[in-house]
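> Please see the structure below; I have some questions.
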Amino acid sequence: KVPPKPGPLPRFPDTFLWGVSTSAFQIEGALDEDGRGPSAWDAFMVEPGRVKDGGTAATATGHYHRWREDLALLKELGVGAYRFSVAWPRVLPSGGGEVNVRGLDFYDRLVDELCAAGIQPVPTLFHWDTPLPVEERGGWLERDTARLFADYADTVAARLGDRVAHWITLNEPAELTLLGYGLGEHAPGRRLLFDALPAAHHQLLGHGLAVRALRARGARSIGIANSHGPVWPLSDSEEDTGAAGLYDLLTNRMFADPLLLGRYPDEGLAAMLPGPVEDDLKVISEPLDWYGVNYYQPTLVGAPDPAGRGGEFAGIGLPAELPFGIREIPGKERTGFGWAVVPEGLSETLRTFRDRYGDRLPPIMITENGCAYPEAADDARRIAFLDGHLRELHAAVAEGIDVRGYFVWSLMDNFEWAEGYSQRFGLVHVDYTTLERTPKDSFRWLRDALRQQRGGAR
Ligand code: GBH
């Protein structure tokens, strides 16, 4: 069933920032070029069975060589901002020490050309591509990685800081902790379950230290991109609400509370961290200029299934020994990835943030929202998805929640981590044989919507 083309979107504030997002490892390719060192993902993706169909990011979309073409697409789309990530292993192949100037040159050119096109550069400093030598010393399980990350942030800011509009320190530390260190479905492939929690604390500490390093270099607008979504209990039984509460704690509050309130939400949780964390929390809660939310969908959570199935997280079977189980949300359309389409979960997330954090909450940016569908060109379902989410976002803004921007994930189809090339999130189709880019209907829809937001100008 193809939904009809939606009518015009309600009007967002004139200063609202419209953008699209990508990340280095998912688009660049050229992993051995210009002095780049390996990342944890370089090693992980070639292990048998790790990535669907044996896909690797060796070429990905070829963006490292085709970035001018991609910049032309951004111009054509008419976005005011572009969120990309800087690859730590391009800048510091060993994680620290010697700077690889050719790696920085790449982002320097990109930033220059974005500015020349009137598109604000919004770099993310870390989107899961930990330098392999750092990973081999324990990666984010080690406290020292936080310090190395802050030094890296300083190096990037020294080169790009005069032109960068908004900085993002980390992308989704929750996902790296849970999928990378907890369940082993992402690099580095560790399956530590609750023993993965130190990786969360060290990422948050690295974030806080990086905020200080960026500010010392004159940065004025710093945020983070965290994944958030409502957690719905399967029933109002004590077992189900308890399980949902724990899941909410681990995926939402454990990451937002330290940043916004300067404390962990639960003492039992804090006890599992490499303590004492009091002084670290002062660093972690360094005030932010804005808070980035990546929203995909709510999660329906209940007590563990007595049959011993843990349910699925991101398509991954959860180990039955976890004290919660994820269930399929009934009665909703699903994306190609199988994720439920729930636009009202976006406004619910924002209301929850307003209620929980009150005047401790800085302005919000939606740093990712999007969906995977297989259609190469006529992606009416993506248009309906984006339209639905933007209407919910508008409702939240109209209620007075201070949201300053919205970024679609993603500009183009790309390497979807453990899913390889099987899930296409792009507004632009990528042919992985020829690397040809072809805008989908959703690209033209967003271009027209942005024109209309500007009052028909341009
Ligand atoms: C983001 O993570 C990443 O930042 C980005 O790199 C990635 O390409 C993009 O999203 C698309 O995946 O219903 O139980 O299966 C997404 C984080 C975590 C969001 C899992 C959806 C599904 C839970 N995702 N979640 S479940």
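> Taking 37 °C and 0.692 mPa s as the conditions, I'd like the Stokes-Einstein D for region 52-187 in µm²/s, using the Kirkwood hydrodynamic radius from alpha carbon pairs.
205 µm²/s
> Per residue, how large is the accessible surface of the chain? Use a 1.4 angstrom probe and give square angstrom.
For the chain, the per-residue accessible area is 37 Å².
> Suppose a student asked you for the relative contact order of region 370-458, using Cα pairs under 8 Å spaced at least 6 residues apart; what percent would you report?
That works out to 31 percent.
> Looking at region 258-414 from every direction and averaging, what is the projected area of its Cα convex hull in nm²?
One quarter of the hull surface, i.e. the mean projection, equals 11.8 nm².
> Report the convex hull volume per residue for region 1-108, counting only C-alpha atoms, in Å³.
Value for region 1-108: 164 Å³ per residue.
> Projected area of region 154-262, taken from the Cα convex hull and averaged over every viewing direction, in nm²?
Taking a quarter of the hull surface, the average projection is 8.2 nm².
> Got a sec to turn the phi values of region 36-41 into Karplus ³J(HN,Hα) couplings, 6.51 cos²θ - 1.76 cosθ + 1.60 with θ = phi - 60°, whole Hz, x for Gly and Pro?
For region 36-41, the Karplus-derived couplings read 5, x, x, 10, 4, 6 Hz, x marking Gly and Pro.
> Also, quick follow-up: Tabulate in residue order the Karplus-calculated ³J(HN,Hα) for region 231-238, using 6.51 cos²θ - 1.76 cosθ + 1.60 with θ = phi - 60°, rounded to whole Hz; enter x for Gly and Pro.
Values, residue by residue: 10, 9, x, 4, 8, 8, 5, 4 Hz.
> Are there GluC sites (Glu not before Pro) in region 32-84 that DSSP marks as loop and that have at most 10 other Cβ atoms within 10 Å, and which are they?
Passing sites in region 32-84 do not exist.
> Shifting gears a bit: When the gyration tensor of region 42-93 is built from Cα positions, what are the square roots of 5 times its three eigenvalues, in whole Å, from largest to smallest?
28, 15, 10
> A follow-up question, please. Strictly over 29 Å apart at the Cα level, which of K5/K332; K332/K440; K75/K282; K75/K332 would you flag in this model?
Going by Cα-Cα distance, K75/K282; K75/K332 fall outside the 29 Å limit.
> Then there's this: Which one of V408, C371, A340 has its Cα pushed farthest toward the positive end of the charge dipole of region 308-458, where Lys and Arg give +1 and Asp and Glu give -1 at the Cβ?
Among V408, C371, A340, the one farthest towards the positive end of the dipole of region 308-458 is V408.
> Now for a separate question. If region 223-268 were replaced by its equivalent ellipsoid, with semi-axes equal to the square roots of 5 times the Cα gyration tensor eigenvalues, what would those be, largest first, whole Å?
Values for region 223-268, descending: 22, 13, 6 Å.
> So, with a 1.4 angstrom probe, what is the percent of accessible area on the chain that is carbon and sulfur?
Of the solvent-accessible surface of the chain, carbon and sulfur hold 50 percent.
> Run through the DSSP bridge list for the chain and note the antiparallel percent, rounded to the nearest 5.
Around 25 percent of the beta bridges assigned by DSSP in the chain are antiparallel ones.
> Oh, and also: By what distance, in whole Å, do the Cα atoms of the chain stretch along each of the three principal axes, largest value first?
Sorted largest first, the three principal extents are 55, 54, 47 Å.
> Round to the nearest 10 and report in Å² the accessible area of K5, as given by a 1.4 Å probe over the protein chains' heavy atoms.
Roll a 1.4 Å probe over it and K5 shows about 150 Å².
> Taking all pairs of distinct Cα atoms, average 1/r, flip it, and tell me the Kirkwood hydrodynamic radius of region 364-458 in Å to one decimal place.
14.3 Å
> In region 87-106, which residues have a backbone nitrogen under 15 Å from the label point lying 7 Å from R147's Cα in the Cα-to-Cβ direction?
96-97
> If you wrap a convex hull around the alpha carbons of region 117-179, what volume per residue comes out, as a whole number of Å³?
Convex hull of Cα atoms, per residue: 101 Å³.
> Along the charge dipole of region 25-127, which of V99, P48, P38 sits closest to the positive end, that is, farthest toward it, with unit charges on the beta carbon of Lys, Arg, Asp and Glu (+1, +1, -1, -1)?
P48
> Taking N as the number of residues in region 86-147, what is its alpha-carbon radius of gyration divided by 2.2 N^0.38 Å?
Ratio of Rg to 2.2 N^0.38 Å for region 86-147: 1.29.
> Could you tell me how many cubic angstrom of Cα convex hull volume region 23-67 has per residue?
Dividing the Cα hull volume of region 23-67 by its residue count gives 69 Å³.
> Whose amide H sits under 5 Å from the amide H of Y82, counting only residues 5 or more places off or on another chain, with H placed in the peptide plane?
Q120, V122
> A follow-up question, please. Whole-Hz Karplus ³J(HN,Hα) for region 169-184, in order, using 6.51 cos²θ - 1.76 cosθ + 1.60 and θ = phi - 60°, x for Gly and Pro?
After applying 6.51 cos²θ - 1.76 cosθ + 1.60, I find 6, 10, 9, 6, x, 4, 5, 4, 5, 6, 7, x, 9, x, 10, x Hz.
> Another question, if that's okay. With just the Cα atoms defining each centre, how far is region 331-362 from region 113-162? Give it in Å.
Value for the Cα centre distance between the two parts: 28 Å.
> Also, I was wondering about something else. Compare V46, V428 by solvent-accessible area with a 1.4 Å probe and give them largest first, with all protein chains kept in place.
If we order V46, V428 from most to least accessible, we get V46, V428.
> For a paramagnetic label modelled at 7 Å from the Cα of E321 toward its Cβ, which residues of region 181-201 fall within the zone defined by backbone nitrogen distances under 20 Å?
Under 20 Å, as judged by backbone N against the label point of E321, lie 181-186, 188-200 of region 181-201.
> Over region 413-458, with a single point scatterer placed on each C-alpha, what log10 of the ratio I(q)/I(0) does the Debye formula yield at q = 0.21, 0.23 1/Å?
-0.72, -0.79
The values are calculated or read from the model by the stated rules, or taken from the named source; none is laboratory data. These numbers come from a predicted model, not from an experiment. Ideal geometry is used to build each Cβ from the backbone, glycine not excepted, and the neighbour counts take in all protein chains shown. Note: accessible area is taken over every heavy atom of the protein model, side chains too, but ligands, DNA and RNA are not part of it. Shrake-Rupley method; radii C 1.70, N 1.55, O 1.52, S 1.80 Å.
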